[in-house]
Structures are given as C-alpha cells and as structure tokens.
Amino acid sequence: MRYDRKPVYRKLIVPWYDSETVCFIVIILMLLVFLFSLAGISVATENDEHLTHLWLPILLFLLSGVVIISTVFRLIKRYRYRYSKDLNL
C-alpha cells in the first residue's frame with residue numbers, strides 16, 4: 001500500500017515568518033522605509049553637496065519597493081490558492 005503524499009484531511013502548515021500577519025507587518029514597515037527614502041531623495045537633490053550621497057536613498061527606494069512587491073505577490077498567490085480551493089468544494 002502506497003503512502004498518499006497529499007491526503008484530503010491534511011492542511012498546509014505555514015511557518016510563522018510567512019503568515020499573513022507578518023506579511024502585513026513587513027509591508028507596513030517597508031512602506032515607512034519607502035517614504036523615508038523619498039524624503040532622503042528630496043533632501044539630497046535640494047543641495048548640490050549631497051548629490052554624491054544620492055545613491056543610498058535610491059537604493060533604499062528600490063530595495064523596499066522590491067520587498068513590497070514580492071510580499072504582495074506572495075499574499076495574492078496565497079489568497080488565490082485559498083479561494084480557488086474553497087470554490088471547488
């Protein structure tokens with residue numbers, strides 16, 4: 001008798017660092033970093049002496065945007081999987 005790898009009664013176990021609550025907290029924190037980097041970009045462009053340091057707020061802007069987008073896609077995939085599974089019942 002073969003072992004059934006995906007039985008009907010088994011639920012998907014989500015680790016704590018990938019739960020919905022943690023994803024929403026990550027999105028909120030990255031939005032704060034995103035806004036902070038926008039403020040840094042505006043300050044660096046106002047003064048010519050600070051233009052050499054413009055790379056840091058741009059890097060923060062890009063990296064926080066990537067984290068926000070990847071977390072939103074992860075939540076969308078999770079909701080799509082959950083609701084498609086609920087509709088098939």
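Just so you know, all these numbers are worked out from the coordinates, no wet-lab data involved. From a predicted model like this one, the values you see are computed outputs, not experimental measurements. Note that we place each Cβ from the backbone using ideal geometry, even for glycine, and neighbour counts take in every protein chain shown.
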Potential lengthening between V22 and L59 on full extension [0.36 nm per residue; Cα-Cα distance subtracted]: 11.0 nm
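Applying a 10 Å radius around every beta-carbon, put 29-37, 44-52 in order of their mean neighbour count, most first.
29-37, 44-52
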Most to least packed among 55-64, 68-77 [average Cβ atoms within 10 Å]: 55-64, 68-77
